[in-house]
Amino acid sequence: MLNLVLFGPPGAGKGTQSQKLIDKYNLIHLSTGDILRSEIAKGTELGLRAKTLMDQGILVPDEVVIGMIDSKLKENKAAAGFIFDGFPRTVPQAVALDALLAENNTAIACMIALEVNEEELTRRLLLRGQTSGRPDDQDEALVRKRVQEYNTKTAPVAGYYAEQGKFYGINGIGEIDEIFDNTCNIIDKYLSQPQVG
Ligand code: ADP
């Protein structure tokens, strides 16, 4: 299996790159943000609880997103691999993901981090807010709150994968296809190595 974590702050381009990667490597895209928004659209109790937090730019509780990922992994047992987008967003989520994958005798291959500075992120998110309809993209204070949540709670997840020798950072500013090529180079290098287990 090829399991990738696509990492980076809100607006770094994870969703865009994920779409291209799932086509090329035949992977399943698991975005906790998309799953949460679909729960909101369905009006489920989970969705209603998550919406209150998401509308404030705050992370939803770890156990909620871990439970969602657990059921998606169980629904897709025959998959060639997964792209995790927007998950794990805290170190406890990363620890839980390792445990869930180990139950299936698999693991994360690499974390690819898209690096983009805060000014560019804010610009992109507010621009996306004009068309995405996402309430959390439309207010500058809220956008900055999300980046702040990222800096305090999510950025340490990079260190977690770095300790495992799985972290790869790439420049997330530039042409989409160029960023995609750089991402594929990392993955192809990984795939060309002899796999253990
Ligand atoms: P972005 O990366 O642009 O912020 P997402 O769609 O990934 O957008 O996430 C939107 C919101 O959903 C986050 O601000 C957060 O409230 C919630 N969320 C998504 N994924 C997680 C997660 N893994 N843990 C906690 N909260 C999450």
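Across the range 79-197, the mean sequence separation of Cα contacts (distance under 8 Å, 6 or more residues apart), normalised by length, yields a relative contact order of 32 percent.
Give me the net charge for the shell around Glu175: Cβ to Cβ below 13 angstrom, other residues only, Lys and Arg +1, Asp and Glu -1.
-2
Report D for the range 2-189 in µm² per second (integer): Stokes-Einstein, Kirkwood Rh on Cα pairs, 4 °C, 1.567 mPa s. Value of D from the Cα-based Kirkwood radius: 77 µm²/s.
Under the classification rounded if a/c is under 1.5, otherwise prolate if a/b is larger than b/c and oblate if not, where does the range 57-161 fall, given a ≥ b ≥ c as square roots of the Cα gyration tensor eigenvalues? Here the range 57-161 falls in the prolate category.
Estimated from helical segments only, the mean residue ellipticity of the chain at 222 nm is -17500 deg cm²/dmol, where each DSSP H run of four or more residues counts as -39500 (n - 2.57). Sorted on the mean count of surrounding Cβ atoms within 10 Å across their residues, most packed first, peptides 160-171, 14-25 read 14-25, 160-171. The spacing between the range 62-81 and the range 95-121, judged by their C-alpha centroids, is 14 Å.
For the range 2-189, the relative contact order works out to 32 percent when only alpha carbon pairs closer than 8 Å and six or more residues apart are counted.
None of the figures in this text is laboratory data; all of them are computed from the coordinates on show. Nothing here was measured: the structure is a model prediction, and the numbers come from that model. Every residue, glycine as well, gets a Cβ built from its backbone with ideal geometry; the counts of neighbours run over all protein chains shown.
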